[in-house]
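There's a structure below that I have some questions on.
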Amino acid sequence: MQLPFPAAEAPDDLTREAGRKMFAGETEFLKGVVAMNGLPDADRPEVCFAGRSNVGKSSLINALTGRKGLARASNTPGRTQEINYFTVGESHYLVDLPGYGFANAPVAVVEKWQRLLKSYLRGRVTLRRAFVLVDARHGIKAVDEEIMTLLSSSAVAFQCVLTKTDKLKKGDLDRVLVQVRDRLNKHPSAYPELVITSSEKGDGIETLRAIIAGID
């Protein structure tokens, strides 16, 4: 019997090359957005990355693009306070959403981020998929459930990406996968495959590139 939410398989040669070519071109930081009227023109498909503070979003984006300093990584939760847009050639946008949960910021600032996030998810017509990053050491937490519920209510398809899997032994990862699959079963907008990654070791990066390249 096949498990629900199986791990995405490694891409075949054709899809791997499509992903490689997409990210081998120019990838640039476009702008940071603090209000909906600052969003760039909705002239191409985009995918966004959401996750708790310190889940490894910046490291994953840097690994995908092969540029270590493209997205700013920080040990300070809540440093990403804007919706950050990156261009991938002339075909797609990558969007780094503000980290949620445990943000080291005043309550009013956090509430402003949350309002912006909700407006973006509900109003961006070119958003094709959200990638919800989950720290493999902890599994899905309550704050992750909140963003997944918001995505489902906003009719945005999301795919779960496990990060930092190099920090776990296989047996520990298997136990986390049981919990993740159980929680995802409750969300109708969850895409039926997981992506298992390690930005440090490069695991799953080719797979995620191929997935993004196939989204139009």
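The values are calculated or read from the model by the stated rules, or taken from the named source; none is laboratory data. The shown structure was predicted, so the numbers you read here are calculated from the model rather than taken from an experiment. Reconstructed Cβ throughout: ideal geometry from the backbone, glycine too, with neighbour counts over all protein chains shown. Just so you know, the surface numbers come from the protein's heavy atoms only, side chains and all, with ligands and any DNA or RNA stripped out. Shrake-Rupley method; radii C 1.70, N 1.55, O 1.52, S 1.80 Å.
Just to verify a result, which residue in segment 164-184, among those that are modelled with pLDDT under 95 and assigned to a loop (DSSP other than H, G, I, E, B), is most open to solvent (accessible area, probe 1.4 Å)?
Only one residue tops the list, namely Lys169.
Give the residue that is surrounded by the fewest Cβ atoms within 10 Å (Cβ to Cβ), with candidates limited to residues of segment 186-210 that are farther than 17 Å from Gly56 by Cβ and either β-branched (Val, Ile, Thr) or modelled with pLDDT under 95 (or both).
For segment 186-210, the residue satisfying everything is Pro188.
Got at least one residue in segment 56-66 being within 26 Å of Lys118 (Cα to Cα), out of contact with any Leu (no Cβ under 7 Å at 6 or more places or on another chain), open to solvent by less than 20 Å² (accessible area, probe 1.4 Å) and modelled with pLDDT of 85 or more?
yes
Inside segment 17-47, can you point out the residues that are of a type in the set (S, T, N, Q) and without any contact (Cβ under 8 Å) to a residue 12 or more places away in the chain?
Listed by number, the list holds a single entry, Asn37.
Please name all residue pairs, on different chains or six or more residues apart, with Cβ atoms under 6 Å, provided the first residue is in segment 186-203 and is in contact (Cβ under 8 Å) with a residue 24 or more places away in the chain and the second residue is aromatic (Phe, Trp, Tyr) and surrounded by 21 or more Cβ atoms within 10 Å (Cβ to Cβ).
Between residues of segment 186-203 that are in contact (Cβ under 8 Å) with a residue 24 or more places away in the chain and residues that are aromatic (Phe, Trp, Tyr) and surrounded by 21 or more Cβ atoms within 10 Å (Cβ to Cβ), the close pairs are Ser189/Phe158.
To continue, here is another question. Quick check on segment 146-163: of everything there that is open to solvent by 30 Å² or more (accessible area, probe 1.4 Å) and either touching a helix residue (DSSP H, G or I) at 6+ places or on another chain (Cβ under 8 Å) or not polar (S, T, N, Q) (or both), which residue is modelled with the highest pLDDT?
Residue satisfying both the conditions and the ranking: Ala157.
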